[in-house]
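Report on the structure given below.
The values are calculated or read from the model by the stated rules, or taken from the named source; none is laboratory data. Fair warning: this is a prediction, and the values are worked out from it, not measured in the lab. Cβ placement follows ideal geometry from the backbone for every residue including glycine, while neighbour counts extend to all protein chains displayed.
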Amino acid sequence: MSKAKVQKSYEEINARIKAGEAVVVTAEEMVGIVRDRGPEQAAREVDVVTTGTFAPMCSSGMFFNFGQMTPTIKASHVWLNKVPAHAGLAAVDCYLGVTEPAEDDPLNKIYPGEFRYGGGHVIEDLLRGKKLLLEAKAYGTDCYAAKKMKKEVTLADLPYALLCNPRNGYQNYNCAVNLSEKAVYTYMGMLKPNCRNANYCSAGELSPLLNDPLYRTIGIGTRIFLGGATGYVTWHGTQHNPHVPRTPGGAPRKPAGTIMVQGDLKKMSHDWVRGVSILGYGNTLAVGLGIPIPILDAEMAAYTGVSDEDLFTQVVDYGYDYTNGIARNYGEVSYAQLKSGSIIVNGKEVPTAPLSSLPKARQIANILKEQISQGQFLLNRPAETLPDGR
Amino acid sequence: MYTQIYILRFPKDTSDKPFIYKLVKEYDIEFNILKADILLQREGVMILELKGSNKASVEAGLTFLKSLGVKTERLATRIRRDDDICFQCGACTGICPVGALYLRRPEMEVIFDAEKCTGCSLCVPICPVRAMELAIDRDWVLPEETMA
């Protein structure tokens, strides 16, 4: 007797979650399940697969409102602990970007610059409950007479704070090497001359978008783990590009999809949102992100069963090519190779190092697994899926 | 064999003299430069691993350096990691020259083996969250008398 193919709806999966009956596994655990039992059987047994990633993610920031004072002010320049925020939104609404360095930072004048404090650190300090110096300047109007403001604020003092990251969760990323003859300090870390090290930045088989390669379930309105709280995917991210070469399993072989995410900063934790300084490059924010993927059918089981052996990225030169916009690579490597500690580039063995924290990614996937298993986290059907290029 | 790591501070008027050459030639000491920051007309600082056939030969070399105005301090591991700050990314494992920072597989946990650390401090500015720090506690620099 042949069994009917598995088809599950979001409603059915959510009903099982509410009843405490959902079978939830992490993307790492799913690899073995699909390998042993095949995608059809895996889809029958598993309802949700949880993913996670924790890494520096540029294109992050915070929308905030800092409340009025008397006389009122329409701020045109705003600083938090000397880090400039963009104030051209409204009277006391601002956006603080995580790559913004403090105004008095020496930058790369003493090369390579250390970039001790920037927008990402402001956000982490707010989450740590610290008092920050808020300064504002204004030109003054009849309705907003004040021309300056200076006060100490904590996160609790801000009437509104939203973490809003226009590009997170990059689906795959380059493996960086440096083929030039001098060390370079890049957003992919310090790269020694003559290809003596290789850095990569992806959680591989645990990474959210690598488990839903063609964006069938991750879309606008998807409920996610963001910075220790609940957040949402609100759009496709900047630089989202589905048009890349893919493996037979659908996984992109180079950087592809991205997501825009947001969530209430006040509910987040400094354990999952960290200010970052990258030597010679600048500031950014490390963000903890996790996405649950509903196993609607065998295809989703197969996608989430992807392993580091099946996921590939390209080796890119950051000594010359990247800066000069030369689209060239020095071969493809699998995440299994990258995680093994060395890869072969131009016939030579090169040691690898990750920039993305796998222990943290695993913790996030396990937190989500726990929350869903206990009926505390339901899945959202996306209002729209992300552009898939078709 | 006797191996120790030393911080050497060169007064500014000595930075053009061939001390290390003489250490090798006259005192038969092997050296491994772990860090060097020498600027003409300014104080220079070097972290050297010195290896001699016995303790006396290394001490003789150090005495020679001291006689020329070089300040020497024996270095215990002066790097420490703040485990509350480290988020286990692994960026440091790519630059640590002696494998004191390494990944435990398959967990991919970042391990810091203070015993292996030579104190070169390359990891300090590389760490994206500044979890690695140079201890300023004087206890980390061991007085000569305690040399084992």
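Annotations for the structure displayed:
- Residues of the stretch A:275-287 classified as facing chain B (nearest Cβ under 10 Å) and within 12 Å of the chain's Cα centre (by Cα), total: 2
- Residue within the stretch A:342-358 that is surrounded by fewer than 18 Cβ atoms within 10 Å (Cβ to Cβ), more than 20 Å from A:GLN171 (Cβ to Cβ) and hydroxyl-bearing (Ser, Thr, Tyr) present: yes
- Among the candidates B:THR118, B:THR63, B:THR72, residue that is more than 14 Å from every other protein chain (Cβ to nearest Cβ), surrounded by fewer than 16 Cβ atoms within 10 Å (Cβ to Cβ) and not charged (D, E, K, R): B:THR63
- Filter result for the condition that a residue is part of a helix (DSSP H, G or I) and either surrounded by 17 or more Cβ atoms within 10 Å (Cβ to Cβ) or within 14 Å of chain B (Cβ to nearest Cβ) (or both), over A:VAL49, A:VAL31: A:VAL31
- Every residue from the stretch A:129-159 that is surrounded by fewer than 15 Cβ atoms within 10 Å (Cβ to Cβ) and either of a type in the set (Phe, Trp, Tyr) or in contact with a helix residue (DSSP H, G or I) (Cβ under 6 Å, 6 or more places away or on another chain) (or both): A:TYR139
- A single entry from B:ARG42, B:ARG78 fulfils the requirement of being in contact with a helix residue (DSSP H, G or I) (Cβ under 8 Å, 6 or more places away or on another chain), basic (Lys, Arg) and surrounded by 15 or more Cβ atoms within 10 Å (Cβ to Cβ): B:ARG78.
- All positions within the stretch B:79-115 that are more than 8 Å from chain A (Cβ to nearest Cβ), over 16 Å from B:PRO128 (Cβ atoms) and in contact (Cβ under 8 Å) with a residue 12 or more places away in the chain: B:ILE79, B:ARG80, B:PRO97, B:VAL98, B:GLY99, B:ALA100, B:ASP113, B:ALA114, B:GLU115
- Filter result for A:LYS130 (in a loop (DSSP other than H, G, I, E, B), among the basic types (Lys, Arg) and more than 30 Å from A:TYR318 (Cα to Cα)): yes
- The conditions of being basic (Lys, Arg), surrounded by fewer than 23 Cβ atoms within 10 Å (Cβ to Cβ) and either more than 23 Å from A:MET30 (Cβ to Cβ) or touching a residue at least 40 places away in the same chain (Cβ under 8 Å) (or both) are met by A:ARG216.
- Extreme residue, farthest from A:TRP272 (Cα to Cα), among residues of the stretch A:102-126 that are within 20 Å of the chain's Cα centre (by Cα) and crowded, with 23+ Cβ neighbours inside 10 Å: A:GLY118
- For B:LEU39, the conditions (1) in contact with a strand residue (DSSP E or B) (Cβ under 6 Å, 6 or more places away or on another chain); (2) within 14 Å of another protein chain (Cβ to nearest Cβ); (3) farther than 30 Å from A:ALA286 by Cα all hold with the exception of (1).
- Residue count, the stretch A:330-374 (criterion: part of a loop (DSSP other than H, G, I, E, B), farther than 29 Å from A:ASP271 by Cα and in contact (Cβ under 8 Å) with a residue 60 or more places away in the chain): 2
- Residue match in the stretch B:32-39 (condition: in contact with a Cys (Cβ under 8 Å, 6 or more places away or on another chain), under 30 Å from A:GLY227 (Cα atoms) and either in a strand (DSSP E or B) or not aromatic (Phe, Trp, Tyr) (or both)): no
- In the stretch A:316-329, the residues that are closer than 30 Å to B:ILE111 by Cα and not in a strand (DSSP E or B): A:TYR318, A:GLY319
- Matching residues in the stretch A:167-183 - criterion: being away from every other protein chain (no Cβ under 11 Å), over 16 Å from A:GLN337 (Cα atoms) and in contact with a Lys or Arg (Cβ under 9 Å, 6 or more places away or on another chain): A:ASN178
- Count of residues meeting criterion [touching a Cys at 6+ places or on another chain (Cβ under 7 Å) and of a type in the set (Gly, Ala, Ser)] in the stretch A:29-74: 2
- Residue under evaluation A:ILE110, criteria (1) in contact with an Asp or Glu (Cβ under 7 Å, 6 or more places away or on another chain); (2) hydrophobic (A, V, I, L, M, F, W, C); (3) modelled with pLDDT under 95, criterion not met: (1)
- Candidates B:LEU23, B:LEU48 - the one that is in contact (Cβ under 8 Å) with a residue 40 or more places away in the chain, in contact with a helix residue (DSSP H, G or I) (Cβ under 9 Å, 6 or more places away or on another chain), under 30 Å from A:LYS192 (Cβ atoms) and assigned to a helix (DSSP H, G or I): B:LEU23
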